[in-house]
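The values are calculated or read from the model by the stated rules, or taken from the named source; none is laboratory data. The structure displayed is predicted, hence computed values, not measured ones. Positions of Cβ are generated from backbone atoms using ideal geometry, with glycine treated the same way; all protein chains shown enter the neighbour counts. Only protein heavy atoms, including side chains, enter the accessible area calculation; ligands, DNA and RNA are left aside. Shrake-Rupley method; radii C 1.70, N 1.55, O 1.52, S 1.80 Å.
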Amino acid sequence: MDAEAARFLGKALAIGLGALGPGLGIGILSGKALEAIGRNPEAEGKIRTTMILAIAFAEAIAIYALVVSFTI
Amino acid sequence: MPSFTPEVLFHIFSLNITNSLLTALIVFFFVSIFIIITGINIRKNRLSKLQLATELIYEGLAGNIRDIIGKPSNTLISFVITFFIMILSSNWFGLLPFVPSVGLVENHTQETHSVNIVKDVKASATDLEYVESHDLSFISCVKERNCVINLSTLKIQKVSHMLHLFRAPTADVSFTLTLAVLSIIGITIIGIGTHGFSYFKKFFDFSGPIQAFVGILELISEISKIISFTFRLFGNIYAGEVLIFVMTSLTYGIATIPFILLEFFVGFIQAFVFFLLTTVFMSLAMAHH
């Protein structure tokens, strides 16, 4: 395997593995938020805001992986 | 593909004026004009739609701040809301249709050398003349008219390269790093304002080995705050630019519009996250420890 091939593999692995965790996290977050809305429909607005904020945090980790994969 | 780093438009002495700096100045200019006009209208006691819009933004955000910090000062509110408005307008300015398309097309020539080695040819007089006149080659003749010609030809290609005039300021690491550092400085000032210089006891506490170690951890977390602030904002906006570029080139522009709408949403969310995190860290700095 030459250096160029290793570089491409590194790029793909960085974003691929980096997207795995945040994907799971966002799924769990939205699932829990939906459960909460189902239990307490009046609080939908507040739950949605908090959920979007938390999703943004989880997404940021995927974005770090993306930045790394671009700089490799 | 949008470049990872901003392009340099021109130099003022040794200062590089990049396209993101130019766009940031334009955004500053428009936001200032908007605020100044609103301020003049308020001073004249004239109820205008501008005032209504500004108050809507201000009250909505100030309500969020009041939820986190009980009684914030006006300086704190304006400091944090300035972050929100600057980041939001920078993010949204980058999505305007002329931003990725307006630029200066530069034609420059690219020189490529290719070496052809021709062996055992009977070089004709014209070939030799050509070779001599271009001073490009090396000929060694073994016998008379049986030559090894080392012809290195020079290919000159015209390459056009676009120098973009505009770029979303938040898609530039230096801009987001500046915002992150400013935010941390603001948080530290708020901490000093509430606790005095004993705020730094959080970082440098030598009353015991455990406290000293916790101080080091606090210091590291302060640095990691800067890094995460920087790359969260930069990465999201830059990834949005790449996403729009890829979608445009994949589907010939058909599927671009929903992604542009998505990027408007992401731009708002990121500005809000930056604003809210700064507020939360400020409330942490003000809390007793």
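Structure notes:
- Counting heavy atoms of the protein chains alone, B:MET1 has an accessible area of about 130 Å² for a 1.4 Å probe.
- Local electrostatic count at B:LEU276 - Lys and Arg +1, Asp and Glu -1, tallied over other residues with Cβ under 14 Å: +3
- Rounded accessible area of B:PHE10 (nearest 10 Å², 1.4 Å probe): 100 Å²
- Nitroxide proxy distance, nm - points 7 Å out along Cα→Cβ at B:PHE213 and B:THR82: 4.1 nm
- Residues in the protein assembly as shown average 61 Å² of solvent-accessible surface per residue, probe 1.4 Å, ligands and nucleic acids excluded.
- Note on surface exposure: B:ASP172, A:ASP2, B:ASP67, B:ASP205 rank B:ASP67, A:ASP2, B:ASP205, B:ASP172 by accessible area, highest first, 1.4 Å probe.
- Overall dimensions of the protein assembly as shown by Cα: Rg and Dmax, Å: 28.9, 101
- Amide hydrogen neighbours beyond the local backbone of B:GLY103, cut-off 5 Å, H modeled: B:LEU165
- Between chain B and chain A, roughly 1300 Å² of accessible surface gets buried, counting both sides and using a 1.4 Å probe.
- Residues with amide H under 5 Å from that of B:GLU7, placed H, sequence gap 5 or more: B:ASN19, B:SER20
- To the nearest 10, the accessible area of A:LEU17 is 120 Å² with a 1.4 Å probe.
- Distance violations [Cα-Cα > 31 Å] among B:LYS49/B:LYS71; A:LYS11/B:LYS201; A:LYS11/B:LYS202: A:LYS11/B:LYS201; A:LYS11/B:LYS202
- Fraction of accessible area attributable to carbon and sulfur, the protein assembly as shown (%, probe 1.4 Å): 69 percent
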